[in-house]
Amino acid sequence: MNIHEYQARELFEKFGVATSPGGVATSPAQAEQRARSLGGKQVVVKAQIHAGGRGKGTFTNGFKGGVHLCDSPEAAADMASKMLGNTLVTHQTGPQGKQVNQVLVAEAVDISRELYFAVLLDRATSAPVVIASTAGGMDIEEVAEHSPEKILRESVHPLLGLQPYQTRKLAHALGLTGPLLAQASKLFSALFKLFLARDCSQIEVNPLVVTPDGRLLALDAKFNFDDNSLYRQPEIVALRDKSEEDPREVAASEFNLNYIGLDGNIACLVNGAGLAMATMDIIQHYGGKPANFLDVGGGASKDQVAAAFKIILSDPNVQGILVNIFGGIMDCNVIANGIIAAARETGLAIPLVVRLEGNNVEEGKKTLAQSGLTITSASDLADAAQKIVAAVQKNS
């Protein structure tokens, strides 16, 4: 789950992470009011969408950039009117872009230096790690590729947490000395406290800036949260903006299905994340393109299977469906009945290939065979992939 930048700033303020003052606006009049409340200082108006590259983005109405400086409250209102309700396209949104429904109006800050600071989960150690760099304001992936020596890593003990000596070490490595050292130690500690308290999987501050008057401020942030921990984070769940998410993924989450849309034309319905990845790989291997990742889990019900079909078919690019089920806990006959119910309810008119194996598989295959529906059975995964790819190519 992601949140907007203005919501990230609200978390910063709650946990004592220094940032510039500002707030969200959903109308030009509110943007003007926000700017005026900042004392008539120069403000920055930033489009709020769940994507990076906003400053270099382009609105579909031709207006350039989702981040602009404004010298007056009236100018902030005018800028907000150009952004709100319009679609911003960046390198992360794809060509379809995302509609801007709110803007952040914040005090503009003069910048002497831009730094990068992040707290992540290290997959290799399953423990937190701090990533920092003097190359703030840039895509960290580019820095890692072209100037890896500028990337600092500090592993954090999962029980002891980020220690004072580590915050000082990081501050010195970033060139933060003198009065900035104390500010950096406080800010780094507060970020790590926030990371743990809200079950984050990532907090990325870019840029972390030093101002000419000697302040250290977190100006922009990207948060990710551990979805498996959201049950104990009602405050974070309340920040969810479903309009920023793929509606198919939202629908899937309501049925406890794991769905990620892709750009292919062969839909996959699989139980188990590893099997789903293998299914996508083998479709690609035989010349097809997977349209999604969809894991129905280890104990899916008939209703969940029916819901999965509806979500799959909501993608207009889908020209065929491959169901690949290995029944351990799951009963293959339950899946078969779910497939039949979904196919009938949706009036399925595209090729459907089903590979069942495992628990109660013979009964499941018998149910499919007696359904009277046009369902192609497959003996194994390779056979299933070849059959669905051939069927889709034949109909193309």
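The values are calculated or read from the model by the stated rules, or taken from the named source; none is laboratory data. If you're wondering where the values come from, they're calculated on a predicted model, not measured in any experiment. When we count neighbours, we look across all protein chains shown, and the Cβ atoms used for this are built from the backbone with ideal geometry, even at glycine. All accessible areas refer to the heavy atoms of the entire protein, side chains included, with ligands and DNA or RNA removed. Shrake-Rupley method; radii C 1.70, N 1.55, O 1.52, S 1.80 Å.
Among the residues of the range 214-269 satisfying the criterion of being in a helix (DSSP H, G or I) and in contact with a helix residue (DSSP H, G or I) (Cβ under 7 Å, 6 or more places away or on another chain), which is most open to solvent (accessible area, probe 1.4 Å)?
Going through the qualifying residues, I end up with Lys242.
Just name the residue that is farthest from Ala118 (Cα to Cα) out of those in the range 135-179 that are within 28 Å of the chain's Cα centre (by Cα) and among the small types (Gly, Ala, Ser).
Ser147
Being basic (Lys, Arg) and open to solvent by 80 Å² or more (accessible area, probe 1.4 Å) is the filter here; which residues of the range 362-393 pass it?
Within the range 362-393, Lys366 is the sole residue that qualifies.
Of all residues in the range 113-146, count the ones that are among the hydroxyl-bearing types (Ser, Thr, Tyr) and in contact (Cβ under 8 Å) with a residue 60 or more places away in the chain.
Within the range 113-146, residues that are among the hydroxyl-bearing types (Ser, Thr, Tyr) and in contact (Cβ under 8 Å) with a residue 60 or more places away in the chain number 1.
Quick one: count up the residues across the range 270-319 that are in a helix (DSSP H, G or I), farther than 20 Å from Glu357 by Cα and touching a helix residue (DSSP H, G or I) at 6+ places or on another chain (Cβ under 6 Å).
Total meeting the criteria: 2.
Small (Gly, Ala, Ser), open to solvent by less than 20 Å² (accessible area, probe 1.4 Å) and touching a Cys at 6+ places or on another chain (Cβ under 8 Å), is that true of Gly320?
No.
Regarding Lys150, is this residue at pLDDT 90 or above and open to solvent by 80 Å² or more (accessible area, probe 1.4 Å)?
no
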